[in-house]
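Chemist: Let me give you the structure first, and then I'll get to my questions.
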Amino acid sequence: MTIPNTSIAGRVALITGGTSGIGEATVRNFVAHGAKVCFSGTRREAGEAIVRELSEQAGAGAVRFFRGDVADQSQVKALVKTTLDAFGRIDILFNNAGIACFGETPALAEEEWHRVFAVDLDAIFYACKEVIPLMRGQGGGVIINNASISGIGGDYAFSAYSAAKGGLINYTRSLALDGARDRIRVNAVCPGLIDTSIAHHSIEMPVLRQAFDAQIPLGRPGLAAEVAGLVRFLASDEAGYITGAIIPVDGGLTAWSGMPNMPRVLGMV
Ligand SMILES: NC(=O)c1ccc[n+]([C@@H]2O[C@H](COP(=O)([O-])OP(=O)(O)OC[C@H]3O[C@@H](n4cnc5c(N)ncnc54)[C@H](O)[C@@H]3O)[C@@H](O)[C@H]2O)c1
């Protein structure tokens with residue numbers, strides 16, 4: 001029996017939204033494991049600082065930054081071209097960039113709704129439209145989408161975000177079916193509460209933090225590195241039989257049906 005290769009060394013990865021949080025943790029993880037990485041983001045200074053730091057470890061040219069907005073199709077095309085010009089192929093696409101939007105439907109401006117869909121869903125279509133033909137030509141590849149547990153169930157006052165991430169989850173399944181015969185695996189990771197800037201309010205406000213910690217079975221927010229580890233596994237050949245999977249990284253939150261914790265309510269624990 002052959003044991004699949006766990007390594008992503010030498011593979012070329014394109015990662016969107018890599019200047020902070022889960023994207024940055026994944027850029028660092030991939031580079032540390034020998035991958036060549038082109039990552040995008042909207043903040044030039046942050047991106048260039050990451051490139052300088054990682055180039056010292058991995059060597060000049062192993063990591064590139066592209067400043068651009070993933071909601072703009074022409075900029076996504078330019079991002080893909082930059083990656084190809086630098087490395088000649090794309091083995092792994094991590095559609096990570098995303099924004100959240102808080103508010104019940106009557107309070108949401110049309111612009112907010114459309115912006116969330118543009119960044120959290122349209123942008124993934126633009127990237128896949130460019131990268132899938134390349135992967136077909138190369139004989140395969142791996143796409144990982146960063147969705148959310150808010151796309152698995154609804155969440156209070158997160159209507160636009162839940163709708164876009166729910167769409168991304170089913171888009172992931174469709175991409176997996178369409179890509180299977182071309183050896184393109186497509187999966188989604190679904191973070192719960194992860195300690196990054198997008199979740200800053202929930203983590204910094206004591207009243208919200210207490211509510212989250214009480215609700216999350218593991219009793220704490222997750223770390224960006226704990227999502228990045230799963231992304232690397234999914235990108236590796238060791239995950240070679242996993243496609244169309246929607247995988248929570250949420251400290252057990254979606255394992256819970258929502259019933260009260262009866263032993264705790266009754267004072268038994
Ligand atoms: N942190 C959480 O609790 C959590 C939970 C569920 C899902 N997620 C998802 O994880 C992904 C990463 O978020 P994060 O938690 O690391 O937060 P983050 O805010 O640190 O990272 C988001 C990244 O996306 C980039 N980005 C945003 N809009 C962009 C655009 N238009 N073009 C290019 N880049 C853009 C930002 O610059 C940033 O680098 C998002 O898709 C988010 O929805 C996060």
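Chemist: Residues that are away from the ligand (no atom under 14 Å from the Cβ) and either on the phi > 0 side of the Ramachandran plot or in contact (Cβ under 8 Å) with a residue 60 or more places away in the chain (or both), at least 1 per element: which strands (runs of 3 or more DSSP E) completely within the range 1-110 meet that? Please lay out each step first, then the result.
Modeler: Numbers: elements: 12-15, 36-41, 63-67, 92-95.
Answer list for the range 1-110: 12-15, 92-95.
Chemist: Take the range 79-118 and flag every residue that is surrounded by fewer than 21 Cβ atoms within 10 Å (Cβ to Cβ) and under 15 Å from the mean Cα position of the chain (by Cα).
Modeler: Residues satisfying the conditions are 99, 100.
Residues checked against (1) assigned to a strand (DSSP E or B); (2) within 13 Å of the chain's Cα centre (by Cα); (3) buried (at least 16 other Cβ atoms within 10 Å of the Cβ); (4) modelled with pLDDT under 95:
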{"site": "226", "(1), (2), (3), (4)": "no, yes, yes, no"}
{"site": "232", "(1), (2), (3), (4)": "no, yes, yes, no"}
{"site": "241", "(1), (2), (3), (4)": "no, no, no, no"}
{"site": "248", "(1), (2), (3), (4)": "yes, yes, yes, no"}
{"site": "251", "(1), (2), (3), (4)": "no, no, yes, no"}
{"site": "258", "(1), (2), (3), (4)": "no, no, no, yes"}
{"site": "264", "(1), (2), (3), (4)": "no, no, no, yes"}
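Chemist: Counting only residues that are small (Gly, Ala, Ser) and touching a strand residue (DSSP E or B) at 6+ places or on another chain (Cβ under 9 Å), which one in the range 205-228 is farthest from the ligand (Cβ to nearest atom)?
Modeler: Going residue by residue through the range 205-228, those that are small (Gly, Ala, Ser) are 211, 214, 219, 222, 224-225, 228.
Applying the additional criterion that residues be touching a strand residue (DSSP E or B) at 6+ places or on another chain (Cβ under 9 Å) yields 222, 224.
Values: 222: 8, 224: 6 Å.
Only one residue tops the list, namely 222.
Chemist: Which one is farthest from the ligand (Cβ to nearest atom) among residues in the range 140-194 that are of a type in the set (Ser, Thr, Tyr) and surrounded by fewer than 18 Cβ atoms within 10 Å (Cβ to Cβ)? Step through it out loud before you land on a result.
Modeler: Of the residues in the range 140-194, the ones of a type in the set (Ser, Thr, Tyr) are 148, 150, 156, 159, 161-162, 171-172, 174.
Those still in the list that are surrounded by fewer than 18 Cβ atoms within 10 Å (Cβ to Cβ) too: 156, 174.
On the way: 156: 15, 174: 19 Å.
Looking at the filtered set, the residue picked out is 174.
Chemist: Could you list, in sequence order, all residues of the range 182-220 that are in contact with a Ser or Thr (Cβ under 8 Å, 6 or more places away or on another chain) and not β-branched (Val, Ile, Thr)?
Modeler: 185, 187, 188, 190, 191, 192, 193, 197, 208, 209, 212
Chemist: Which number in (1) assigned to a helix (DSSP H, G or I); (2) over 17 Å from the mean Cα position of the chain (by Cα); (3) within 16 Å of the ligand (Cβ to nearest atom); (4) modelled with pLDDT of 95 or more marks the one condition that residue 202 misses?
Modeler: Condition not satisfied by residue 202: (4).
The values are calculated or read from the model by the stated rules, or taken from the named source; none is laboratory data. Please read these numbers as outputs of a predicted model, since none were measured by experiment. Cβ: placed from backbone, ideal geometry, glycine included. Neighbour counts: every protein chain shown.
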